[in-house]
1. Go through (1) under 27 Å from ALA302 (Cα atoms); (2) under 18 Å from the mean Cα position of the chain (by Cα); (3) open to solvent by less than 10 Å² (accessible area, probe 1.4 Å) one by one and return the number of the condition THR236 breaks.
2. Go through segment 110-124 residue by residue and tally those that are open to solvent by 20 Å² or more (accessible area, probe 1.4 Å), of a type in the set (S, T, N, Q) and either free of Cβ contacts under 8 Å to residues at least 24 places away in the same chain or closer than 13 Å to VAL235 by Cβ (or both).
3. Among (1) at pLDDT 95 or above; (2) within 22 Å of ALA314 (Cβ to Cβ), there is one condition ALA94 misses while meeting the rest; what is its number?
4. Within segment 299-308, identify whether any single residue is over 27 Å from the mean Cα position of the chain (by Cα) and open to solvent by 70 Å² or more (accessible area, probe 1.4 Å), and answer yes or no.
5. Run PHE45 past the list (1) assigned to a helix (DSSP H, G or I); (2) closer than 26 Å to THR175 by Cα; (3) among the aromatic types (Phe, Trp, Tyr) and report the number of the one that doesn't hold.
6. Of the residues that sit in segment 210-224 and are surrounded by 23 or more Cβ atoms within 10 Å (Cβ to Cβ) and in contact with a strand residue (DSSP E or B) (Cβ under 7 Å, 6 or more places away or on another chain), which one is farthest from SER40 (Cα to Cα)?
7. Has segment 188-207 got at least one residue that is touching a residue at least 40 places away in the same chain (Cβ under 8 Å), small (Gly, Ala, Ser), crowded, with 23+ Cβ neighbours inside 10 Å and not in a strand (DSSP E or B)?
8. Given the condition of a type in the set (Val, Ile, Thr) and touching a strand residue (DSSP E or B) at 6+ places or on another chain (Cβ under 7 Å), answer yes or no: does some residue in segment 96-103 qualify?
Amino acid sequence: MKLLRFGLRLALSASLGVFAQTATSEELSVATFLPPQHHSNTGMFAWFGKEIEARSAGSLTIKLYPAGQLGAGPVQQYKRVVEGVGDIVFGVSAYTPALFPKTMLAILPGSADTADQSTRAIWNIYEDHLADEYGDVKVLAIGTVAGNLLAATRDVSTMEGLKGAKLVPFAAMTTPIVEALGAVPVQMPVTEMYTGLSTGTIDATTSSYNNIAPPWNFWDVSTHIVENVPTSFAVTYALMNKERYMGLSDEHRAIIDELAGLPMSLELAKSFDGADDKSKMMIEAATDKNYEWIVVSDEERAKMDAAVAGGLEAIFADYEGRGISNVRDIYGALNK
């Protein structure tokens, strides 16, 4: 009888131990340099937070720390997640290009025109070509922003108009493309572009539709908005500290695994494409703006595409010189 009672107590203790492991409440901190109202927060992270809370019956939640509350500026975001300053971070790959050289190929003009298309292309090749760049973290999402416009203070809708224009690209790696187009590349964060256009520091900047309307308001300081230009992209990510992820219960890790990867990345892409769609409606409705909207002609677009091809060759040669011999294969796979 004593042995029976002991066995029952042991079984009860074991079952309570398992219950405690799965029922322990966990709150994951999310560090982002963007303001709370940014669509990556109100879109992707809001979706992620609701999903993990619902699937875990409230035992797994997130807390957003926007606007650099866990560290100012976007450049150190990858370092912050590796060191555990934030359990999860949002960042931009181009700020640490040496860490993600193959992922950065998704920035280049190719077959994609939208964030959704580009993001799907990234995940089509992720396991074969990109996964080794993320061994120190748990990847939640990798997605893009489409730069498919030029906001300018001069007409840059032709190759002649682009000649000598001080142009801000989405990433420094596209410098050979900007130069092939005849423009002068100028590096500048998006937070300074409005002032740059208004003061003449720059003549044009790569832009999304969302940059034209509020909150960025490039339409107030641009005389020309140019459409049908070769689209480039900004690659963004949501990453999780690997040790924090591994320290979660099996149940909580399984929930994160179900959401991470393509599902969460498409939510990120949807947040950017959705912001563009809202801005398009605002642009169409606006009647008090003085810029000229120009669609590049097919003839000029063909010239631009030819220049882009020349710039791509210079970029591929640089990659091959750095030992990434399959760069053309990776770019080709991204743009099937």
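The values are calculated or read from the model by the stated rules, or taken from the named source; none is laboratory data. These numbers come from a predicted model, not from an experiment. Ideal geometry is used to build each Cβ from the backbone, glycine not excepted, and the neighbour counts take in all protein chains shown. SASA here: full protein model, heavy atoms, side chains in, ligands and nucleic acids out. Shrake-Rupley method; radii C 1.70, N 1.55, O 1.52, S 1.80 Å.
1. So THR236 meets the others, but not (1).
2. Going through segment 110-124 one residue at a time, the tally reaches 1.
3. It is condition (1) that ALA94 fails.
4. yes
5. Unmet condition: (2).
6. So, considering only residues that are surrounded by 23 or more Cβ atoms within 10 Å (Cβ to Cβ) and in contact with a strand residue (DSSP E or B) (Cβ under 7 Å, 6 or more places away or on another chain), the one farthest from SER40 (Cα to Cα) is SER222.
7. Taking every residue of segment 188-207 in turn, none turns out to be touching a residue at least 40 places away in the same chain (Cβ under 8 Å), small (Gly, Ala, Ser), crowded, with 23+ Cβ neighbours inside 10 Å and not in a strand (DSSP E or B).
8. Within segment 96-103, one or more residues are of a type in the set (Val, Ile, Thr) and touching a strand residue (DSSP E or B) at 6+ places or on another chain (Cβ under 7 Å).
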